[in-house]
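*Asks:* Structure in structure tokens, see below.
The values are calculated or read from the model by the stated rules, or taken from the named source; none is laboratory data. None of these values were measured; they are calculated from a predicted model. Don't worry about glycine lacking a Cβ; one is built from the backbone with ideal geometry, like all the others, and counts go over all protein chains shown.
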Protein chains: 2
Amino acid sequence: MPQKTLHYIDTNLDQFIGELKDFLRIPSISARQEYGDDVRKGAEWVKKCAEDSGLENATIYDTHGHPVVYADWLHAEEKPTVLIYGHYDVQPPEPLELWTSPPFEPDVRGDDIYARGAVDDKGQVHLHLKGIEAWMKTHGKLPVNVKLILEGEEEVGSPNLEPFVLEHADLLSCDAVMISDTPMYDYDMPSITYGLRGLAYFELLMAGPDRDLHSGMFGGVVANPLNALCGMIARMKDENGRIQLPGFYDDVIDVSPEEREEFERLPYSEEEFEKRINIPDTVGEEGYTDLERLWARPALDVCGIWGGYQGEGAKTVLPAKAGAKVSMRLVANQDYHKVEEQFRQFVEENTPPGVTVEVKDLYGGPPVLTPTDSKAVKAALAALEEVFETVPYLTRNGASIPIVADFEKNLKVPVVLMGFGLPDQNAHAPDERLNLKNYHRGIKSAALFLERFGTMEYIRS
Amino acid sequence: MPQKTLHYIDTNLDQFIGELKDFLRIPSISARQEYGDDVRKGAEWVKKCAEDSGLENATIYDTHGHPVVYADWLHAEEKPTVLIYGHYDVQPPEPLELWTSPPFEPDVRGDDIYARGAVDDKGQVHLHLKGIEAWMKTHGKLPVNVKLILEGEEEVGSPNLEPFVLEHADLLSCDAVMISDTPMYDYDMPSITYGLRGLAYFELLMAGPDRDLHSGMFGGVVANPLNALCGMIARMKDENGRIQLPGFYDDVIDVSPEEREEFERLPYSEEEFEKRINIPDTVGEEGYTDLERLWARPALDVCGIWGGYQGEGAKTVLPAKAGAKVSMRLVANQDYHKVEEQFRQFVEENTPPGVTVEVKDLYGGPPVLTPTDSKAVKAALAALEEVFETVPYLTRNGASIPIVADFEKNLKVPVVLMGFGLPDQNAHAPDERLNLKNYHRGIKSAALFLERFGTMEYIRS
């Protein structure tokens with residue numbers, strides 16, 4: 001019975017939050033080369049935190065990119081081994097002017113802590129370390145074997161993690177992978193996520209004349225790369241929200257009747273959703289509900305666009321170049337390599353006269369759809385039910401964690417996605433935050449999971 | 001006979017070029033508030049230059065924006081009066097990285113002087129002042145009466161010049177207006193321009209959710225303002241290059257059979273045009289030649305676009321906002337106020353669900369189509385023919401000089417557009433330049449025009 005352990009968590013919460021703030025102060029932005037030293041600082045910080053929590057063999061492994069941090073505790077004989085994965089890198093914080101408090105100066109307001117990385121994923125990495133610490137400080141041991149792997153490149157597509165996993169297959173061998181990098185369905189509605197969308201992300205660079213031209217002297221006969229880019233992007237979806245890449249839907253597994261039923265049981269309110277992000281209407285692919293569109297159907301979004309004069313006033317220029325970042329969320333069983341071919345084919349077939357186009361593949365990650373009846377998933381559901389005192393949900397999620405599919409493929413074990421974020425906590429956006437009550441419940445759930453994973457069978461109510 | 005005058009120009013050319021460099025060093029960027037002092041410096045520089053050339057009553061008039069500079073010489077009894085107009089402000093120089101030498105450090109390479117404003121319009125203002133100086137230094141007087149008006153807001157749509165002209169109608173009364181702010185048809189092919197396009201320039205601001213969102217967690221049900229903006233811009237033209245604003249072509253005067261014939265006599269080479277700006281193909285409205293599309297048909301160009309993440313790498317964001325600068329070139333007899341209504345109506349009718357749109361009217365200027373048989377036009381043709389030793393052309397131009405239509409309307413005199421730029425001199429773009437041989441011939445033409453305007457009838461060969 002881990003009552004001592006749970007008590008330790010309750011009484012040390014302020015100390016934990018103080019530590020988390022230190023972690024959040026490190027601007028470990030993996031997408032920006034100039035932050036390389038800060039990303040390494042992040043790695044060093046989590047290594048020390050792992051050691052302090054009682055884990056052993058804490059090691060920083062260099063890669064071709066940012067480092068991987070490993071630690072373990074392997075003295076629970078005859079017990080299974082869980083590999084806890086997370087990431088210590090964060091998204092770029094821009095646009096800075098929209099943050100209420102600076103992104104790397106964590107600020108507690110109400111029940112929330114505000115900072116870049118608060119929910120994605122530093123807070124959720126930290127809660128597992130504190131769950132481990134609580135066991136070690138109160139029992140001097142853990143109820144299962146634990147391996148920890150934390151990477152610094154999740155936000156740039158984890159380019160070096162799969163090679164690392166393949167190279168260190170023995171080191172990482174386990175019975176299940178535990179990841180906390182997804183949201184719960186809602187506050188007081190804990191959930192385990194069994195499906196993730198994949199990602200195919202491209203940069204599209206369109207070039208017209210070899211220099212910027214006077215729009216009066218040349219407008220009307222020279223193809224404008226900005227107009228051309230808009231035209232190409234507009235053609236990527238039809239009026240029913242269907243993506244027009246050739247063969248794009250061929251491999252998509254459609255929403256099953258059972259899933260449709262399970263999703264309909266969730267208390268989704270379109271009105272509340274719209275109000276939460278202040279939009280007049282939801283939109284999307286015809287023939288699907290909002291939850292289906294979010295979780296189980298592909299999507300195409302322009303994440304950035306640029307070209308020509310963006311300053312004050314009116315500059316009458318016909319620009320030489322334009323660019324856009326185009327991302328697609330994929331669902332099982334789409335293959336991002338195939339989608340890249342489809343994207344390149346679409347671009348080639350839709351390039352208008354007078355311009356040239358270059359496609360850069362920025363990254364891709366496969367979608368995930370995992371079985372929901374593994375022992376690890378059941379242990380997680382049991383831990384959540386005990387801590388939150390409610391029956392947890394089985395949900396999917398529209399986001400991507402590239403490494404999940406890789407773990408399943410390469411380690412051949414189930415991956416459990418037990419998240420403690422909330423959908424409106426601005427991951428990837430200004431004023432990112434984490435609810436500290438859920439951080440607290442997350443530490444307890446992490447601690448309880450360790451026990452349940454070694455000891456029990458669970459039947460969901 | 002102005003041989004002494006022409007000789008003076010030949011022998012003082014180096015001195016003139018040195019002065020022009022001083023003028024070009026002033027970053028008189030009217031679109032940027034932070035350059036206000038530099039714009040005033042530009043006004044002071046041209047005032048002093050006018051005084052040094054022998055003009056009298058040189059005065060800086062303050063306006064609600066940047067100042068107007070006036071000067072005159074009115075002692076040629078019984079002779080007509082020409083009002084020379086130009087502008088001492090310049091376009092913003094961005095993108096700076098594409099300049100070979102810094103935009104405000106004039107650099108002579110080969111026959112060209114490179115700097116922002118070299119051709120548009122400082123060089124062409126200066127050549128008139130030097131033509132005047134040449135007369136004054138060699139004859140102590142001018143062959144006609146001259147008034148000079150130079151403004152500092154041409155590149156932002158001349159918002160304060162028309163009020164100034166109306167308020168100072170007596171001061172500015174004249175028999176013709178002379179403007180050098182257009183290109184010649186080509187090197188060794190001098191021309192007078194009788195048609196200009198007008199301009200309607202808007203900013204389009206599209207808003208979706210009230211903050212940037214995670215594209216995975218929200219993509220598929222939230223309207224993306226970047227996709228929406230691209231869709232709206234794409235719909236502004238059909239596949240034949242026709243602009244889709246309601247009623248847009250109702251007031252357009254079509255190309256006349258005579259003009260079509262005159263344009264066809266010009267040695268336009270599509271291949272050379274494409275090679276000059278390095279494009280694979282010209283494009284444009286079906287049923288018209290390139291010169292007709294450039295000079296006598298409307299055009300729609302996106303001058304700038306922005307939204308979301310523009311940095312390095314892949315940020316998976318569904319952005320809250322996007323914007324674009326959309327400019328339309330208008331032809332006689334389109335009214336830019338009407339076009340604004342048409343644009344707003346189009347935007348309203350084409351706003352997709354889930355986003356809101358704001359239209360800002362940045363500026364408008366009317367198109368021009370002037371008679372080609374005035375005495376002033378004939379004097380200009382005569383001057384050009386003598387200096388260039390070839391028969392000049394009558395052409396139109398795709399660009400806009402907002403004030404030309406205003407002068408015609410308010411002063412009720414013909415406006416002569418005698419330009420010395422070349423089409424590939426990068427007005428409004430990096431590496432703007434002026435051919436110094438044409439600058440030299442321009443000074444002589446300006447000087448000769450003053451004589452011919454007072455003395456002769458001219459029949460074009």
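*Asks:* Restricting to the range B:355-383, name every residue that is farther than 30 Å from B:H440 by Cβ, away from chain A (no Cβ under 12 Å) and either without any contact (Cβ under 8 Å) to a residue 60 or more places away in the chain or in contact with a Lys or Arg (Cβ under 7 Å, 6 or more places away or on another chain) (or both).
*Replies:* Passing the criteria: only B:V359.
*Asks:* Let me ask something else about it. Would you check if B:G311 is closer than 20 Å to A:A322 by Cβ, crowded, with 17+ Cβ neighbours inside 10 Å and within 13 Å of another protein chain (Cβ to nearest Cβ)? Before the answer, list the steps.
*Replies:* On the way: closer than 20 Å to A:A322 by Cβ: yes; crowded, with 17+ Cβ neighbours inside 10 Å: no; within 13 Å of another protein chain (Cβ to nearest Cβ): yes.
When the stated conditions are applied, B:G311 does not pass them.
*Asks:* Based on what the data block shows, is B:N227 closer than 30 Å to A:L291 by Cα and not basic (K, R)?
*Replies:* Details: closer than 30 Å to A:L291 by Cα: yes; not basic (K, R): yes.
In short, yes.
*Asks:* Do any strands (runs of 3 or more DSSP E) entirely within the range B:100-190 hold 2 or more residues that are acidic (D, E), and if so, which? Break it down into steps so the answer makes sense when it comes.
*Replies:* Values: elements: B:107-109, B:112-114, B:145-151, B:176-179.
In the range B:100-190, there are no strands (runs of 3 or more DSSP E) which contain 2 or more residues that are acidic (D, E).
*Asks:* So, one more: Is it the case that some residue within the range B:81-96 is exposed (fewer than 15 other Cβ atoms within 10 Å of the Cβ) and of a type in the set (A, V, I, L, M)? Steps first, answer last, please.
*Replies:* In the first step, residues of the range B:81-96 are kept if they are exposed (fewer than 15 other Cβ atoms within 10 Å of the Cβ); the result is B:96.
If we keep only those that are of a type in the set (A, V, I, L, M) as well, we get B:96.
The answer is yes, given that some residue of the range B:81-96 is exposed (fewer than 15 other Cβ atoms within 10 Å of the Cβ) and of a type in the set (A, V, I, L, M).
*Asks:* Within the range B:377-409, can you find the residues that are in a helix (DSSP H, G or I) and either under 20 Å from the mean Cα position of the chain (by Cα) or acidic (D, E) (or both)? Quick ask: steps written out before the conclusion?
*Replies:* Just the residues of the range B:377-409 that are in a helix (DSSP H, G or I), to begin with: B:377-388, B:402-409.
The answer is B:V377, B:A380, B:E385, B:E386, B:P402, B:I403, B:V404, B:A405, B:D406, B:F407, B:E408, B:K409.
Yes/no matrix, rows are residues, columns are (1) acidic (D, E); (2) more than 9 Å from every other protein chain (Cβ to nearest Cβ); (3) touching a residue at least 12 places away in the same chain (Cβ under 8 Å):
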| site | (1), (2), (3) |
| --- | --- |
| A:V255 | no, yes, yes |
| A:F263 | no, yes, yes |
| A:L266 | no, yes, yes |
| A:E272 | yes, yes, no |
| A:P280 | no, no, no |
| A:E285 | yes, no, yes |
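*Asks:* Can you pull out every residue in the range B:427-440 that is buried (at least 22 other Cβ atoms within 10 Å of the Cβ) and at the interface with chain A (Cβ under 10 Å from one of its Cβ atoms)? Lay out the reasoning, then the answer.
*Replies:* Step one: of the range B:427-440, the residues buried (at least 22 other Cβ atoms within 10 Å of the Cβ) are B:427-429, B:432-435, B:438-439.
The answer is B:A427, B:H428, B:A429, B:E432.
*Asks:* Determine, yes or no, whether A:A223 is part of a strand (DSSP E or B), in contact with a Ser or Thr (Cβ under 9 Å, 6 or more places away or on another chain) and either within 22 Å of A:V347 (Cα to Cα) or more than 7 Å from chain B (Cβ to nearest Cβ) (or both).
*Replies:* Values: part of a strand (DSSP E or B): no; in contact with a Ser or Thr (Cβ under 9 Å, 6 or more places away or on another chain): yes; either within 22 Å of A:V347 (Cα to Cα) or more than 7 Å from chain B (Cβ to nearest Cβ) (or both): yes.
In short, no.
*Asks:* Test of understanding: among B:A31, B:A76, B:A71, which residue is within 18 Å of B:L172 (Cα to Cα), out of contact with any Ser or Thr (no Cβ under 9 Å at 6 or more places or on another chain), touching a residue at least 12 places away in the same chain (Cβ under 8 Å) and of a type in the set (G, A, S)?
*Replies:* B:A76
*Asks:* Next question, about the same structure. Could we say that A:T395 is in contact with a Phe, Trp or Tyr (Cβ under 9 Å, 6 or more places away or on another chain), within 14 Å of chain B (Cβ to nearest Cβ) and among the β-branched types (V, I, T) here? Break it down stepwise before answering.
*Replies:* Numbers: in contact with a Phe, Trp or Tyr (Cβ under 9 Å, 6 or more places away or on another chain): yes; within 14 Å of chain B (Cβ to nearest Cβ): yes; among the β-branched types (V, I, T): yes.
Against the criterion (in contact with a Phe, Trp or Tyr (Cβ under 9 Å, 6 or more places away or on another chain), within 14 Å of chain B (Cβ to nearest Cβ) and among the β-branched types (V, I, T)), A:T395 qualifies.
*Asks:* With the condition kept exactly as written, say whether any residue in the range B:46-59 is under 20 Å from the mean Cα position of the chain (by Cα) and in a helix (DSSP H, G or I). First the steps, then the outcome.
*Replies:* The first filter runs over the range B:46-59 and keeps only residues under 20 Å from the mean Cα position of the chain (by Cα), leaving B:46.
Checking which are in a helix (DSSP H, G or I) leaves us with B:46.
There is at least one residue in the range B:46-59 that is under 20 Å from the mean Cα position of the chain (by Cα) and in a helix (DSSP H, G or I).
*Asks:* Does A:V302 count as touching a Lys or Arg at 6+ places or on another chain (Cβ under 9 Å) and within 13 Å of chain B (Cβ to nearest Cβ)?
*Replies:* On the way: touching a Lys or Arg at 6+ places or on another chain (Cβ under 9 Å): yes; within 13 Å of chain B (Cβ to nearest Cβ): yes.
The answer is yes for A:V302.
*Asks:* What number of residues within the range A:356-376 satisfy the criterion of being assigned to a loop (DSSP other than H, G, I, E, B), buried (at least 19 other Cβ atoms within 10 Å of the Cβ) and not β-branched (V, I, T)? Before you say what the answer is, go through the steps one by one.
*Replies:* The first filter runs over the range A:356-376 and keeps only residues assigned to a loop (DSSP other than H, G, I, E, B), leaving A:366-367, A:370-374.
Imposing the further condition that a residue be buried (at least 19 other Cβ atoms within 10 Å of the Cβ) reduces the set to A:366-367, A:370.
Filter once more, keeping what is not β-branched (V, I, T): A:366-367.
Matching residues across the range A:356-376 total 2.
*Asks:* Just wondering, is there one or more residues in the range A:335-354 that are surrounded by 24 or more Cβ atoms within 10 Å (Cβ to Cβ), at the interface with another protein chain (Cβ under 8 Å from one of its Cβ atoms) and modelled with pLDDT of 95 or more?
*Replies:* no
*Asks:* Scan the range B:1-15 and report the pairs whose first residue is within 15 Å of B:N438 (Cα to Cα) and whose second residue is assigned to a helix (DSSP H, G or I), with Cβ atoms within less than 6 Å and a gap of 6+ or a chain change.
*Replies:* Correct list of pairs: B:L6/B:K444; B:I9/B:A134; B:I9/B:I443; B:I9/B:K444; B:L13/B:H440.
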